[in-house]
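First the structure, in the form of C-alpha cells, and then the observations on it.
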Amino acid sequence: MNLRNIRHRLPRLNRKQRVVRNLALAALCLLLLEWMLAFPALSRRGLLRRLEHRYLLEGSELLFTSTAADYGFDEPHTLYARNEDLLLTMTYNWTPLGLRPWPGELRREEDGVCLVQQQWCATSYMAFGNLEDAVSAELTVTLAGRVNKADYAAEDEDAPADANGLLEYRETYTARGERQNPYCFIFRLEEHHARDGILDGTWQSMVEMQAFSPFSPLLPEDAVLRLYDGAGQLLHEKTVPHPEESFRIYWK
Amino acid sequence: MEWKDWCDRAVGHVRFRPDRKAIERELTEHYMDHRQDLRRIGYDPELASQRALRAMGDPDEVGRALDRAHRPWLGWLWEVSRVLAALALAGVLWTAVWGDGAYTVSRDVRSLTARETAYETDRPDFIAPDSDRQFQRVASARSGDTAELCGYTFRVPYGAVWREQRDGADVYWLSAVLTAEHPRFWEDWEYGLDLTYLTLTDSTGREYRTYRANRENEDARQPEEDSPYYIPTFSYGWKRTGLFRTEYSIQAPVWSGGPVDWAELRYPLGEGFTFRLEFEEVGP
C-alpha cells in the first residue's frame, strides 16, 4: 500500500474541517514540545517563582542575570535572587517556547554575600548578594598547590622539592572588583611573575602560567573579600577558607 | 466572449487570491470536458466552444458564488493552521532527535507507570526484592497533619520501624513516606522540590540530615560515627505517583538501642513544616 492509496482511503475534509484538524495537531505538538522542554517559563519572574517553589520559599527578590553564551554551554544563563539570608541561583537556556530551567542552587550566607570561583579556573571569582552599599571591592586570595619537580624544574637543582619530588607553590594575589551591577563584583587575578618580570623562566612562573589556564594545578584558599564605601572606609570583610568552585554559575 | 475573458471575470470576484489559480484550473477542466463532449457528438470546434461557454452561465454570478465558497478569513485561517501544524511538528521532531526531549518523555512515562498502592508490604523499600536480609516491622505510625506551602500540600501517611538481625544483634531502620500534592504539575516535572535541607529527629535526640546537606557541611565530612563532627545521614528517594502527586521515601538507620518512640520530619527554610510521627508497636 503506497501513500497515495492511504490518502484516498482517508475521509475527504472540507476547508473548515482541515482548519480544525491542523489547529488540533498544532496544539497537540505544542503540548508535546512543552513537555519535552520541561515546560519552559515565559519570563525570568516565572523562573524565579519556580526556583522559590523548589525550596518552598516566598517573597524572593530577583537580583540580576548573567550569561556566558559565548562559551557554548547547554544552559549558559544564570539567574540570581535572594531571600533574606538565602541566595538562590538557577541556570537556564532560551528555547522557542520560553526559558528552560535547569537545577537551582541555594546558599545560606549570614551576611548575604557569596563568593564563588569559576569552574576549572582558579583566577576568576564572583561575589554576589547584598553588595548595594559597597562602592568598591577587593579580593585577596592565596593560590597554593604541589606540583611535580620533574614537570617544572627538572634541570633546576636548587628548586626546593620535598622527599616525594614535589614543589610547593604558594602565592597571594589581590584583585580589584569589577562592578557588574549593584549586586555583583567580578574579580580577575593578574599574573605576578609575568607582570613583575623578576622571575621569568623560573619554575614559579611556569606553575603560575599553568594556573592561569583552564585546569589549574593550584587551589584557592584563605580568600578575603573586602567591601569599601565611597570614602574608602571598610564596610565589610568576609573570609572564605575554601572558595566554592561553581559548576552552575556562569559569567564572562 | 472568449473562454479566457469569461474565466478572468469569474475568478476576479474571488477575494482570497491564493485560491484563484486552483479555481481557474477547475473551471477550465469543466469547460474543456463539456467542449470535448460536444465535439464527440459532432459539433464543429467553434460551435462546441460557444455552446460550452454559454453553459457555464453568467461569469459575475458564478464568480460571486465562488467568492462565498472561498471566504478570505477561512482561507487565511487554513493557511496559518498549515504553517502552525508544520512548525509544531518540525519542533517536536527536532527536539526528539537533537534535543533530549525523547528521553524526558520516556523517563516521565516510566515514572508515572511506577505507581504502587501499598507502602512496604513485607520489607523496607530500600531493600532489593531479591535480597536475603530478614526484616520485621516492629512499630508503625502515621501523621494526620497536613502542611500547605507554596501551593504544595504535604502529608506523612506512613512511618515504620524495622528490625534486622545483623551479626547476632538487632539493628533498627526507620522509614517514612512524605507526599507532596501540587496543582502545578509542570513545575514539578523535571527539577521539582529539593528537600536537601529536610531533617529527621528521633526520640533519642539524634538529628539526621540528608546526604547532600552533610556533604555541603564541611564539619560533617567525618565518616566515623564516634567523630565529634559526625552527623547521621538519612537517604531519600522520590517517585511521581500521579500527575499531581510525588512521593518521597525516607530511610534512616537507628543503629542500636532499640526502636524509637517518635520521629520528627522538619523542613527549616521559609515557613517550613514539622511532622511528628508517634510510633506504636505492632504484633509479630
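Do the sum for chain A: with -39,500 (n - 2.57) for every DSSP H run of n ≥ 4, divided by all residues, what is the mean residue ellipticity at 222 nm, to the nearest 500 deg cm²/dmol?
-6500 deg cm²/dmol
Specify the angular offset, from 0 to 90 degrees and rounded to the nearest 10, of the alpha carbon long axis of helix B:101-113 from the longest principal axis of the alpha carbons in chain B.
60
Classify the range B:3-95 as rounded, prolate or oblate from the Cα gyration tensor: take a ≥ b ≥ c as the square roots of its eigenvalues, call it rounded if a/c is under 1.5, otherwise prolate when a/b beats b/c and oblate if not.
prolate
Given points 7 Å out from each Cα along the Cα-Cβ axis, report the A:ARG188 to A:ARG170 separation in nanometres with one decimal.
Between A:ARG188 and A:ARG170, the label points sit 2.9 nm apart.
Work out the FRET efficiency for A:ARG45 and A:ASP156 from their Cβ-Cβ distance, taking R0 = 56 Å, and round it to the nearest 0.05.
It comes out at approximately 0.45.
So how compact is chain A: Cα radius of gyration and Dmax in angstrom?
So, for chain A, Rg and Dmax equal 26.2, 91 Å respectively.
Pick from A:ARG15, A:ARG146, A:ARG82 the residue whose mean-square fluctuation is largest in a GNM of chain A, springs joining Cα atoms under 10 Å.
Of the options given, A:ARG15 has the highest mean-square fluctuation.
Which value in nm describes the separation of the simple spin-label points at B:LEU74 and B:ALA22, placed 7 Å from the Cα toward the beta carbon?
Label at B:LEU74, label at B:ALA22, 1.2 nm between them.
Please work out the C-alpha center-to-center distance from the range B:164-214 to the range A:1-48 and express it in whole Å.
41
How high is the FRET efficiency between B:ARG51 and A:ARG15 when r is their beta carbon distance and R₀ equals 35 Å, given to the nearest 0.05?
0.60
What is the helix-to-structure angle for A:44-54, meaning the angle in degrees between its Cα long axis and the longest Cα principal axis of chain A, kept from 0 to 90 and rounded to the nearest 10?
80
Specify the residue with the greatest mean-square fluctuation among B:ALA169, B:ALA65, B:ALA85, computed from a Gaussian network of chain B linking alpha-carbon atoms under 10 Å apart.
Comparing B:ALA169, B:ALA65, B:ALA85 in the GNM, the peak value goes to B:ALA65.
So, R0 is 51 Å and r is the distance between the beta-carbons of B:ASP132 and B:ASP261; what FRET efficiency does that work out to, to 0.05?
Taking R0 as 51 Å, the efficiency between B:ASP132 and B:ASP261 is 0.95.
Bear in mind these aren't lab numbers, they're just calculated from the coordinates by the rules spelled out. Bear in mind that the values here come from a model prediction, so they are computed numbers and not experimental data. Cβ atoms come from the backbone with ideal geometry, glycine included; neighbour counts cover every protein chain shown.
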